[in-house]
1. Sort through B:269, B:252 and tell me the only one that's at pLDDT 90 or above and more than 30 Å from residue B:332 (Cα to Cα).
2. Before we move on, is residue B:434 in contact (Cβ under 8 Å) with a residue 24 or more places away in the chain and out of contact with any helix residue (DSSP H, G or I) (no Cβ under 8 Å at 6 or more places or on another chain)?
3. Kindly indicate whether any position in the range B:129-144 is surrounded by fewer than 22 Cβ atoms within 10 Å (Cβ to Cβ) and modelled with pLDDT of 90 or more.
């Protein structure tokens, strides 16, 4: 039985799940289990509000916003406090590409060293190609805060990645 | 890419870095392959459940990722350039040979200095950066005294004398939050502070690579960090010997060598590539300072928590973080019990996710949710009892008690030292509101 207003949801979810999952993997710094959980939660929420979402336009952008907010809310909900030196996530994922080179691990691990909000800024700005203002909107913070986080996150990534990034990008 | 309004070399470099980052992120992101149909099916199941439960949003089963394990003490803070870049460098397939001309004290010179300070043996895989290098000076070699190769590295950095960062570099990590073999912190005759640490590359010990370090901070703000491993690289290399090659005393002799201080003095002030937070003239004043989030200090929380404990328990040790989080280890005569608490302001926006339809509402509007389940760290037999509360003004107080003195150690007693009722009394105490 189909719920009223469900039309198009399944097609949308099937088309976007892969991208959402990849975004989530970057957001979580390579924690694929948490990434799966976040995507399921995001798709679940889209399912509930699909009728409205599908009418508004750009459901893909909306889904990304839900994913980012779900991730940030999850970080806050945890009853412990995050630190940059937290244990590294489980990177040994059987679903990952076979050529799982150390360079990929390096970037994902470097992302994992950022704070959750800094990571969200990096993913939105450089993976989703969102503007400062759009990023601010998704994260419910001012654009000044996004700029500050961006400068800081890039500074840290430069230190963490060093020359590795140019080698990476040249592959 | 964000608009850059100036054409300075720094901006061009920054733009290049951002371009590369975008490309690298896409490559990294694309390498994660999803089980799409599984995700879609699971998403729909969640959607239906959400519809059924309406207000009580489902919080996912595997979402409870415990990250507090290595939390409390900043063993490797990021103010400096020390650790992360070494890890990255160690992973590079072709290490960059040290240069002769990258600063007043070159990378080659630093490697030479390091080798001279080490006992007799063979050296290989020499890497280094000089004092003029954007990413800061360091030297690393693989040293073999005949008993197997071990990586030894030194990194140099400047810290603000007397600052929190300077203090943290030489403060032993909290044993309740991180497991290691030995650590001492002492003051030397020249008023430098020295931390000698014997621990593991992976705090969860999934690989038994040992990591021994010596960190020295001088009153003038030199920070020297020497690390060694019982493997040819810090990560991704097999354990090659029982212990790292240098004894703690030898490590100390390396770290206190005056040559390192001379090299740090040669680092230009404010070199490129250092943390640029707050220094970008184009960046308006931050709306928030992420390193010092608003919220009650950990010390105040710890004090308040101690004052609310039942009379039959003693506080064995305590700790916590800068804000919002504290823990106590208590003993009621039957063994230690770890007690942690978060006091978080302004959590109204996630209230409906934390407190479902089954949450209890007190006469003053405070909501209370309780749970009793296995501990977050997966240690054997550990249970975690939690009382989560939120006031009408969004103040969340969540307290958990464990049947062990350290979260990642196996259970040492049947139940935590406090009952659910006692936890509930603490969490709903009026004192939390008064902390402001």
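The values are calculated or read from the model by the stated rules, or taken from the named source; none is laboratory data. Computed from a prediction, not measured in an experiment: that's the story for all the values here. Methodologically, a virtual Cβ is constructed for each residue, glycine included, from the backbone with ideal geometry; neighbour enumeration extends over all protein chains shown.
1. It is B:252.
2. no
3. Yes, the conditions are met somewhere in the range B:129-144.
A quick yes/no check of all residues on (1) under 30 Å from residue B:302 (Cα atoms); (2) modelled with pLDDT of 60 or more; (3) within 23 Å of the chain's Cα centre (by Cα); (4) not assigned by TED's automatic domain parsing to the domain that holds residue B:250:
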site	(1), (2), (3), (4)
B:20	no, yes, no, yes
B:34	no, yes, no, yes
B:39	no, yes, no, yes
B:53	no, no, no, yes
B:79	yes, no, yes, no
B:93	no, no, no, no
B:105	no, yes, no, no
B:113	no, yes, no, no
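One line per residue, one yes/no per condition, for (1) modelled with pLDDT under 80; (2) over 19 Å from the mean Cα position of the chain (by Cα); (3) in a loop (DSSP other than H, G, I, E, B); (4) crowded, with 17+ Cβ neighbours inside 10 Å:
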position: B:167; (1), (2), (3), (4): yes, no, no, no
position: B:174; (1), (2), (3), (4): yes, no, yes, yes
position: B:194; (1), (2), (3), (4): no, yes, no, yes
position: B:214; (1), (2), (3), (4): no, no, no, yes
position: B:235; (1), (2), (3), (4): yes, no, yes, yes
